[in-house]
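Read the structure below first, then the notes.
Rule-based calculations on the coordinates, nothing more; no lab input. If you're wondering where the values come from, they're calculated on a predicted model, not measured in any experiment. Because the Cβ atoms are built from the backbone with ideal geometry, glycine has one as well, and the counts that use them run over all protein chains shown.
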Amino acid sequence: MNPRGGWALIQSTWLSWLQYRSFFFLLAFMWMIPPLIYLLVWSTAAGGQTVGGLSRGEFVAYYLTLILVNQLTYAQTNWTVGDLIREGRMNTLLLRPLAPLYDTLASELAGKIVYMIFIIPAVALLALLLKPEWHATWGTGLLFVPTLLLAWALRFFWGYWLALLAFWSTRADGLLALQDALIFLLAGMVAPVALLPGPMQSAAILLPFRYMIGFPVEVLTGQLSAGELWLGFAAQVVWLLVALTLSAAVWRGGIRRYAAIGG
Amino acid sequence: MTEPSIFVRDLTKTYHVPQRDPGLRASLRSLVRPSHLDVDAVRSVSFTIQPGEMVGFIGPNGAGKTTTLKMLSGLLFPTRGEAHVLGYVPWRRQAGYLRQISMVLGNKSQMLWDIPPLDTFRVLGEIYSVPPADFQRTLDELVALLEMEALLTRPVRNLSLGERMKCELVAGLLHHPRVLFLDEPTLGLDVSVQARLRRFLVEYNRRSGITVLLTSHYMADVAALCPRLLLIHQGALLYDGELNGLARRLAPFKLIRLSLGEGVDGPALPAGVETITREDGSLTLRVGRDAASAITAQLLNTLPVLDLTVEDPPLEAVIDQIYQEGTL
């Protein structure tokens, strides 16, 4: 472990990416579109009444928070780890006395900073136009921070072990696309989890995807009872442990295979 | 006797590669029952390199050079055999080992493409925990040796191939490695940049005492840098020794080029001389290495010689002969 090395990596990645800020702004804009569409759909459907207990303004608050959380937890490096392996660039990283994971984490953090430069003003502007009804309190705000961090870690490491399957298959990207589809359906994107039909809702509560996006949004918008909150928190921790274990195991096996067959 | 920098014994790497015949039917069959082929990339290679040595590692494409370097730098597990570099087993990839070695690849870059080299150098300095004062001194020294002050602040993608190679060398040497693996450092570079890099490597080796194992297809690299040569062919080590020794063993003859005055037609030549070319008054003769001086004297005494040179056969021709025949 070498914090100064890690920090230097973050800075340099950030410098690289600032060269392409317009490209990253475009990506951030693209990722904003689906939740924005559902924001408009649900707030129109609610009209002057409520749908599933949520009013128009509450839907706006939910989706604006979701746009932020989605950007902050989106692990774009999951898509690039496979390239490192396929193109043999992993060799350069393996020659350094610093685990390649740090390089990936550095890109991840650098990316967040670049995206936030775009997304925070964009959400603020939408908030001015669409008049959300926030019920956030100091309490929910305090709880939101750890759930957001856990959500990011869970989403990152869940994608990381999938991405590392590139050690065995040149087409591991398909699994990442599947993960994105499941997130779209079950993480509170297409509709808040509370509004999903029975079996889908049960799946959402059991599977890890809601804990990557929907759960922290529900925490901040004050939709959850104390019991639901602690259960959700526990689910985040358990799924994160699963993701970490899988990542470590796939990494070890992958490196052994890489070292056996060559990059 | 000091402990060797690199010790390799019976190092062997066998790749297990999938294979199938062309065509749809074969591709379907390979889905159900994939077949594999064992390919020996490196076969029982042994050698020892002392601290401060610069050793050339040559062989045709696919001979096993890069596979050997990858095992020594810890990127590949061997199938069999042992290796110790600086006392470490490379493929355990301990941080203490990685901090003391460097591998520079002519065809792979570790520079960050979009930002100036100085930024990449700083990151590497931090990754290898080089103290700031030490970092600056090393950087200044390397930059001066390679004459590249002007490149430091331009984005890497705007640099030429030769300029980028200079950056790769700096990046690889900032942490004062004790062993340097160089894989075709002069690939694709023009003659003067090649010469510049060679001068740099000789000078750096002299100053720092670094051990260098270098692969190259340019015999000029090897001739200029490496007193000692390892020649590998089809995974097996064919030769380990001096460059001149290799030439002597393979081509036990010298070439004599003669210019004779006008009107000397079909001169009488001493015994044991083979004529290679003959045009106008110029002759190229091949003679046994041991007889060369006697025959030269005889030629000068008996013929109206205007000019005479004695040469070794071109190195490339010698090497080509081994690559083609696969034996010494």
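I'd like the orientation of helix A:138-164 relative to chain A: the angle between its Cα long axis and the longest Cα principal axis, in ° from 0 to 90, rounded to 10.
40 degrees
Would you mind calculating the gained length between B:Asp290 and B:Glu325 on full extension (0.36 nm times residue separation, minus the Cα-Cα distance), in nm to one decimal? Write down the numbers at each step before the final one.
Details: separation 35, 0.36 × 35 = 12.60 nm, distance 2.50 nm.
Result: 10.1 nm gained on full extension.
Report the Cα-based extents of the range B:181-308 along its three principal axes, largest first, to the nearest Å.
Between the extreme Cα coordinates on each principal axis of the range B:181-308 lie 57, 33, 27 Å.
Compare the Cα positions of A:Thr65, B:Ala83, B:Met148 along the charge dipole of the protein assembly as shown (+1 at Cβ of Lys, Arg; -1 at Cβ of Asp, Glu; about the Cα centre) and return the one farthest towards the positive end.
Of the listed residues, the answer is A:Thr65.
What is the order of B:Leu69, A:Leu162, fewest Cβ neighbours within 10 Å to most?
The most exposed by this proxy come first: B:Leu69, A:Leu162.
Compute the long axis of helix B:191-208 from its Cα atoms, compare it with the longest principal axis of the Cα atoms of chain B, and write down the angle in degrees, 0 to 90, nearest 10.
70 degrees
If you plug each phi of the range B:209-223 into the Karplus form 6.51 cos²θ - 1.76 cosθ + 1.60 with θ = phi - 60°, what whole-Hz ³J(HN,Hα) values come out, in order, with x for Gly and Pro?
x, 5, 8, 10, 10, 10, 9, 6, 9, 8, 4, 4, 4, 5, 4
With +1 on the Cβ of every Lys and Arg and -1 on the Cβ of every Asp and Glu, and nothing else charged, how large is the dipole of chain A about its Cα centre, in debye rounded to the nearest 20?
600 debye
Once you charge only the Cβ atoms, +1 for Lys and Arg and -1 for Asp and Glu, what is the size of the charge dipole of the protein assembly as shown about its Cα centre, to the nearest 20 debye?
Working: 48 positive and 46 negative charges, 322 e Å.
Dipole size: approximately 1540 debye.
Among A:Ser107, B:Ser73, what is the fewest-to-most ranking by other Cβ atoms within 10 Å?
Working: A:Ser107 21, B:Ser73 25.
Final ranking by Cβ density, sparse to dense: A:Ser107, B:Ser73.
Based on Cα positions only, what radius of gyration and what Dmax would you give for chain A, in angstroms?
Reported Rg and Dmax, both Å: 19.3, 64.
Could you pull the Rg and Dmax for the protein assembly as shown, using just the Cα atoms, both in Å?
32.6, 119
Report the far tail of the P(r) of the range A:61-116, meaning the percent of Cα-Cα pairs longer than 15 Å.
Details: 860 of 1540 pairs.
Pairs farther apart than 15 Å: 56 percent.
Spelling out what I want: for every residue of the range B:16-23, take phi, set θ = phi - 60°, compute 6.51 cos²θ - 1.76 cosθ + 1.60 (Karplus), and round to whole Hz; glycine and proline get x.
For the range B:16-23, the Karplus-derived couplings read 9, 10, x, 9, 7, 6, x, x Hz, x marking Gly and Pro.
Quick one: putting +1 on the C-beta of Lys and Arg, -1 on the C-beta of Asp and Glu, what dipole do you get for chain B around its Cα centre, in Debye to the nearest 20?
In debye, rounded to 20, chain B gives about 1400.
Can you count the Lys pairs in the protein assembly as shown with C-alpha separation below 20 Å, eight or more apart or on different chains?
5
Which residue, A:Gly253, A:Gly111, A:Gly232, has the most motion in a Gaussian network model of chain A that connects Cα atoms within less than 10 Å?
Sorting by GNM fluctuation, first place goes to A:Gly253.
Among B:Asp119, B:Asp240, what is the fewest-to-most ranking by other Cβ atoms within 10 Å?
The fewest-first ordering by Cβ neighbours comes to B:Asp240, B:Asp119.
Return one quarter of the surface area of the convex hull spanned by the alpha-carbon atoms of the range A:56-173, equal to its mean projected area, in nm². Kindly include the intermediate steps, with their values, before the conclusion.
Values: hull surface 36.3 nm².
Taking the Cα atoms of the range A:56-173, their convex hull projects to 9.1 nm² on average.
Which three numbers, in whole Å and largest first, are the semi-axes of the equivalent ellipsoid of the range B:17-91 derived from its Cα gyration tensor as √(5λ)?
For the range B:17-91, the semi-axes come out at 36, 14, 9 Å.
Can you tell me the orientation of helix A:21-46 relative to chain A, as the angle in degrees between its alpha-carbon axis and the longest Cα principal axis, to the nearest 10?
Between the helix axis and the principal axis of chain A, the angle is about 30 degrees.
Putting +1 on Lys and Arg Cβ atoms and -1 on Asp and Glu Cβ atoms, find which of A:Thr80, A:Phe25, A:Gly47 reaches farthest to the positive end of the dipole of chain A.
Of the listed residues, the answer is A:Thr80.
Add +1 for every Lys or Arg and -1 for every Asp or Glu among the other residues with Cβ under 10 Å from the Cβ of B:Asn107, and state the total.
Local charge sum for B:Asn107: -1.
Could you derive backbone 3J(HN,Hα) for the range A:112-122 from the dihedral phi with the Karplus parameters 6.51, -1.76 and 1.60 (θ = phi - 60°), listing whole Hz in sequence and x where the residue is Gly or Pro?
Calculated HN-Hα couplings, in order: 4, 5, 5, 5, 5, 4, 8, 7, 5, x, 4 Hz.
Kirkwood hydrodynamic radius for chain B: how many Å is it when counted over pairs of different Cα atoms?
23.0 Å is the Kirkwood radius here.
Find the Rg to Rh ratio for the range B:44-168, where Rh is the Kirkwood radius over alpha-carbon pairs and Rg uses the same atoms.
On the Cα set of the range B:44-168, Rg over Rh gives 1.00.
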